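Notes for the one structure printed next.
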Amino acid sequence: MPDWEKRFRAPRVGLPEWAEDAPDRSLFVSNATGTYELYAWDRATGAQRQVTDRPNGTTDGVLTPDGRWIWWFSDTDGDEFGVWLRQPFEGGGSGDSGPGGEGGKPGVDEPAAPGLEPSYPAGLALGRDGTAVVGRSTDEEGSTIHVVAPGAEPREIYRHRESAGVGDLSHDGTLIAVEHTEHGDAMHSAIRVVRLDGTAVAELDDTKGGTEELGLAVMGFAPVAGDTRLLVGHQRRGRWEPMVWDPLTGVETALAIDLPGDVGADWFPDGSALLVSHSHQARGELWRYELASGELTRVETPAGTIAGASARPDSSIEFLWSSAEQPPQVLSTSGRTVLDPPGLKAPESVPVTDAWVEGPGGRVHALVQKPEGEGPFPTVFDIHGGPTWHDSDAFAAGPAAWVDHGFAVVRVNYRGSTGYGRAWTDALKHRVGLIELEDIAAVREWAVASGLADPERLVLSGGSWGGYLTLLGLGVQPEAWALGLAAVPVADYVTAYHDEMEALKAMDRTLLGGTPEEVPERFEASSPLTYVDRVRAPVYISAGVNDPRCPIRQIDNYVERLRQRGAPHEVYRYDAGHGSLVVEERIKQLRLEIDFAQRHLGRGPAAGRAQEPQARPE
C-alpha cells in the first residue's frame, strides 16, 4: 500500500467532547471502520463503542449535560436534511470494538425531538432538565427555533426568513442566545438573548449605527450555576476576539488579549478563566486568560495547528494538534496522548514553508510543500473552500499525496480567508470570485518566477468554493492553467442560487448584493458558466448527487456546455452530498484526479494510477 493511501486509511480520532456534569463520558468521531462515525467513550472504564453506523457516515453528535443521552443528526445520504435522533450513552448489544479498545454495537435510536419535521440543522442546545432548544432551516419557512420540553409538543419561539440559529443555553436553562441576520447581512450576525417563551431579554448588534460591517458570534454561556455571563466574539478592533457580556445587566467587559491575528475563547469549567485559541499566519496556539487579573499565560503546544481544544475539570487541556509534516494527535497538557487508535499509523509528509507575495489587495500568504529534487515541478494550486476559511500548517492527506507523486503544492489564503483580519475576509464582496483569482494569479506568478513551478504544468484544483474558483479560473485565466480539478463546485451561479439551501441563498445575497434578478450583472460576472467557452485546459469534475450546497443540476449545465464544444473533460458522480465520509471513496476520488493529471500532463511517475475504470468522459 503506498504511503498516500495509508494516510487516508490510518485510523483517526477527533477531539472528544465530554458531558459537563459527567466528564468521564465522552463522544468523538473516528474513521476506524473506514467511514467516519460517532463513538462513545467511558473514561472511567476505558470502554468504547460505536454509536452510529450508516453507509455514508455520521459526524454531528452532542452529549446531554448529564451524559445519559447522545443526540445525533440523521440525514439521507449526505443531503444535510433530516432529524435529530438519540440513544442511551450505554447503547445496546456487544461485539464490535471501538477504535481505542473494547466496545459495543450501535445502540437503539429514537426520535429526539418528536413532532419536528425534517429540516437543515441550525444549532442545538441541551438543558439539564431534559429541555432541548432546536434550530431549524427550510426553504419554505426560513429559520425557526423550537423549545422541546420532556413529554411536551415542540413550541416555536422564533421565526424569520433570514438566517438564524441557536448559539447556546445558559447553565440554568432559562436563557437562549440566538445568532441572527435579520438585517440581511449573512456574513455579520447579531445576538439576541431570549427566555424559553421567546420573549427578548437583550440584543447585541454591531451592524447598526456605524459605517463598518461588524459581526458577532456566540462563544458560550458561563458553565457555572447562577452565572449569566455570555462569552461573545466581536470584530470591533478589526479582527475576531472575545469579550464578556451579561445580557441581564448589559455590562460589557473588554478583554486585554493583545495577540496578532484572530482570537477565539472558551470557558474553563469553573468560569474563572478562558482558554484562548489564537490563530495567526496559518499557525495556532493556546493561552490561558485569568478573568480577575487579566493575566495571559501561554500553554505549551508544538508548532503547527490546533484544530480544537477543551479545558477539563482538573484544569488540564486536551487539544487536537497536527502540522503539515506530522499526522493529527489528541494530546493533553498533562503530558499524555488522550486517544491513540490501534492499527495502521499515518506516514509523515513534508513540512510546509511560507511565501508572502505582493498582490493587488495587499500581501498574500501562501503555504508551499514540494517533493525532493530541484524544480521547477509540476504544481497543484490547491484552493481552499469557504470562502471564509483558511489553509494552515496542518496535516492534509490530499496535498501529501500530490507531493508523493512528484508535484509541488501551493495553497493560497486569498482575500476572503479568515485569520488575517476583518478587512481581508470582507474584501471579496460584489466582485465575488474575481478578487480571489487576482490573489491566486499573483502567487502563481511568484511560483513560476521563483523556479518552484513549471509554467507548462500548472494545475488549478479545489473543492466547494475552491472548486468554484477552479472552474472560474479556467475561464477567466485560460492561458495560465494546464489542467483543472474541481470537486463539488459552483459551476452555474444562477442555477446554483435557485437550487441551494436557503442559508446559502442568504450568503450569496450578501456577497453579491442581491438575487440574480436584482443584480444579474454581478451573478453573470462571477459565474463560471459565463466563461466556459474560453476554457482551454482539460477539466475533471466530481460531484455528489445529493449535494444541497453545490447542487448537481447547475454542474450538469456546465458540463453540457463543455460537451457541446467537444472540450476535454471527465465527470465523476457519487452517491453522497457535499463530500464523502467514506475513506475508500475519498481515496478513489483522489486516485482518479491524480490519474487524470498524469494522463493529460504527459509526465510524472506512474505510481498511484487508478485501478478501477476512469471517470466518464462526457
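The values are calculated or read from the model by the stated rules, or taken from the named source; none is laboratory data. Here the structure is a predicted model, which is why all the values come from computation and not from measurement. Please note: Cβ atoms are built from the backbone with ideal geometry, for glycine as well, and neighbour counts cover all protein chains shown. Keep in mind that these areas ignore ligands, DNA and RNA; they rest on the heavy atoms of the full protein, side chains included. Shrake-Rupley method; radii C 1.70, N 1.55, O 1.52, S 1.80 Å.
When segment 473-497 is filtered for residues that are in a loop (DSSP other than H, G, I, E, B) and in contact with a Cys (Cβ under 9 Å, 6 or more places away or on another chain), the ones remaining, listed by number, are V488, P489, V490, A491. The residues in segment 315-344 that are modelled with pLDDT of 95 or more and either among the aromatic types (F, W, Y) or not in a strand (DSSP E or B) (or both) can be counted, and the count is 10.
Restricting segment 63-78 to residues that are open to solvent by 40 Å² or more (accessible area, probe 1.4 Å) and at pLDDT 95 or above, which is nearest to the chain's Cα centre (by Cα)? So, considering only residues that are open to solvent by 40 Å² or more (accessible area, probe 1.4 Å) and at pLDDT 95 or above, the one nearest to the chain's Cα centre (by Cα) is W69.
The residue pairs whose first member lies in segment 140-151 and is closer than 17 Å to A112 by Cβ, whose second member is open to solvent by 60 Å² or more (accessible area, probe 1.4 Å), and whose beta carbons are closer than 7 Å, counting only pairs six or more residues apart or on different chains, are T144/E156; T144/R159; H146/R155; H146/E156; V147/R155. Here V178 meets each of (1) open to solvent by 10 Å² or more (accessible area, probe 1.4 Å); (2) assigned to a strand (DSSP E or B); (3) not small (G, A, S) with one exception, condition (1). Test S315 against the stated conditions and say whether it is closer than 30 Å to P399 by Cβ, of a type in the set (G, A, S) and either open to solvent by less than 20 Å² (accessible area, probe 1.4 Å) or out of contact with any helix residue (DSSP H, G or I) (no Cβ under 8 Å at 6 or more places or on another chain) (or both). No: the conditions fail for S315. Residue-level check: of (1) part of a loop (DSSP other than H, G, I, E, B); (2) crowded, with 20+ Cβ neighbours inside 10 Å, T388 misses just (2). If the condition is being aliphatic (A, V, I, L, M) and touching a Pro at 6+ places or on another chain (Cβ under 9 Å), then segment 140-161 contributes V147, V148.
To keep it simple, each residue is scored yes or no on (1) touching a Phe, Trp or Tyr at 6+ places or on another chain (Cβ under 9 Å); (2) open to solvent by 30 Å² or more (accessible area, probe 1.4 Å); (3) in a strand (DSSP E or B).
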| position | (1), (2), (3) |
| --- | --- |
| T144 | yes, no, yes |
| E153 | no, yes, no |
| R159 | no, yes, yes |
| G165 | no, no, yes |
| E182 | no, yes, no |
| R192 | yes, yes, yes |
| D197 | no, yes, no |
| G220 | yes, no, yes |
| V224 | yes, yes, no |
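Of everything in segment 237-279 that is modelled with pLDDT under 95 and at positive phi, the residue that is surrounded by the fewest Cβ atoms within 10 Å (Cβ to Cβ) is G238.
Assuming T45 fulfils every condition listed in (1) farther than 24 Å from S170 by Cα; (2) in contact (Cβ under 8 Å) with a residue 40 or more places away in the chain apart from one, which condition is it? Unmet for T45, out of (1) farther than 24 Å from S170 by Cα; (2) in contact (Cβ under 8 Å) with a residue 40 or more places away in the chain: (2).
Residues are listed down the side, and each one gets a yes or a no for (1) in contact with a Cys (Cβ under 9 Å, 6 or more places away or on another chain); (2) surrounded by fewer than 16 Cβ atoms within 10 Å (Cβ to Cβ); (3) more than 29 Å from A40 (Cα to Cα):
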{"site": "T297", "(1), (2), (3)": "no, yes, yes"}
{"site": "A303", "(1), (2), (3)": "no, yes, yes"}
{"site": "A309", "(1), (2), (3)": "no, no, no"}
{"site": "L339", "(1), (2), (3)": "no, no, no"}
{"site": "V350", "(1), (2), (3)": "no, no, yes"}
{"site": "G362", "(1), (2), (3)": "no, yes, yes"}
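Taken over segment 505-529, residues that are among the hydroxyl-bearing types (S, T, Y), at pLDDT 95 or above and in a helix (DSSP H, G or I) amount to 1. Just so you know, in segment 427-437 the residues that are outside any loop (DSSP other than H, G, I, E, B) and surrounded by 20 or more Cβ atoms within 10 Å (Cβ to Cβ) include one that is nearest to the chain's Cα centre (by Cα), and it is E436. Restricted to segment 44-62, and to residues there that are open to solvent by 40 Å² or more (accessible area, probe 1.4 Å) and among the charged types (D, E, K, R), the residue that is nearest to L581 (Cα to Cα) is R54. Looking across segment 464-487 at every residue that is open to solvent by 10 Å² or more (accessible area, probe 1.4 Å) and within 18 Å of D556 (Cβ to Cβ), the one that is nearest to the chain's Cα centre (by Cα) is identified as S464. E502 fulfils the conditions (1) at pLDDT 95 or above; (2) open to solvent by 10 Å² or more (accessible area, probe 1.4 Å); (3) touching an Asp or Glu at 6+ places or on another chain (Cβ under 7 Å) except for a single criterion, (1). One residue stands out among those in segment 202-218 that are of a type outside the set (G, A, S) and surrounded by fewer than 16 Cβ atoms within 10 Å (Cβ to Cβ): the one that is modelled with the highest pLDDT, which is E203.
Just one of the listed residues (E20, E5) is more than 21 Å from S349 (Cβ to Cβ), charged (D, E, K, R) and out of contact with any Asp or Glu (no Cβ under 7 Å at 6 or more places or on another chain), and it is E20. Of everything listed in (1) modelled with pLDDT of 95 or more; (2) over 27 Å from A346 (Cα atoms), the single unmet condition for P617 is (1). Of everything in segment 114-142 that is outside any loop (DSSP other than H, G, I, E, B) and of a type in the set (G, A, S), the residue that is nearest to D227 (Cα to Cα) is A125. When the residues of segment 401-415 are filtered to those that are in a strand (DSSP E or B) and β-branched (V, I, T), the one that is nearest to the chain's Cα centre (by Cα) is V412. Contact map, segment 73-89: first residue touching a residue at least 12 places away in the same chain (Cβ under 8 Å), second residue of a type in the set (F, W, Y) and not in a strand (DSSP E or B), Cβ cut-off under 9 Å, separation 6 or more or different chains; pairs are D75/F81. The number of residues in segment 517-544 that are in contact with an Asp or Glu (Cβ under 9 Å, 6 or more places away or on another chain), open to solvent by 10 Å² or more (accessible area, probe 1.4 Å) and of a type outside the set (S, T, Y) comes to 3.
Only residues that are of a type outside the set (V, I, T), closer than 18 Å to P478 by Cβ and not in a loop (DSSP other than H, G, I, E, B) were counted in segment 530-562, giving 7. Just one of the numbered conditions (1) surrounded by fewer than 17 Cβ atoms within 10 Å (Cβ to Cβ); (2) in contact (Cβ under 8 Å) with a residue 24 or more places away in the chain is not true of G335: (2).
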